[in-house]
Amino acid sequence: MDPKLKVAIIKKTPDSIQFEIDRNSFESFCNAIGLFREEFLHYLDASEKDRRQGRVTKRRSLHELIPK
């Protein structure tokens, strides 16, 4: 697998970046940020179980999770 990420920036604004990435680069990206780690996959399973059981908290922003 090629360790370099091949990304084409499609659109850039002050608030967002839209980019295109091929499948091989996407897999490298996911691996680089830890989405294939066993611990992360465990958290995904636990959150899916909570969602199915109705234990859900609505959030307007991820900033609500940051302690002040």
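The values are calculated or read from the model by the stated rules, or taken from the named source; none is laboratory data. Since the model is a prediction, treat every value here as computed from it, not as a measurement. Note: accessible area is taken over every heavy atom of the protein model, side chains too, but ligands, DNA and RNA are not part of it. Shrake-Rupley method; radii C 1.70, N 1.55, O 1.52, S 1.80 Å.
What is the percent carbon and sulfur in the accessible area of segment 8-68, measuring with a 1.4 Å probe over the protein chains and ignoring ligands?
Ligands and nucleic acids excluded, carbon and sulfur give 53 percent.
Averaged across orientations, what area in nm² does the convex hull of the alpha carbons in the chain project?
7.3 nm²
Please give the contour-minus-distance gain from GLU64 to LEU35: 0.36 nm per residue of separation, less the Cα-Cα distance, rounded to one decimal in nm.
Additional length available on full extension: 8.2 nm.
For the chain, what does the accessible surface come to per residue with a 1.4 Å probe? Please give it in Å².
In whole numbers, the chain has 101 Å² accessible per residue.
Which lysines, if any, have their Cα less than 24 Å from the Cα of LYS49, not counting same-chain residues under 8 positions apart?
Correct list for LYS49: LYS58.
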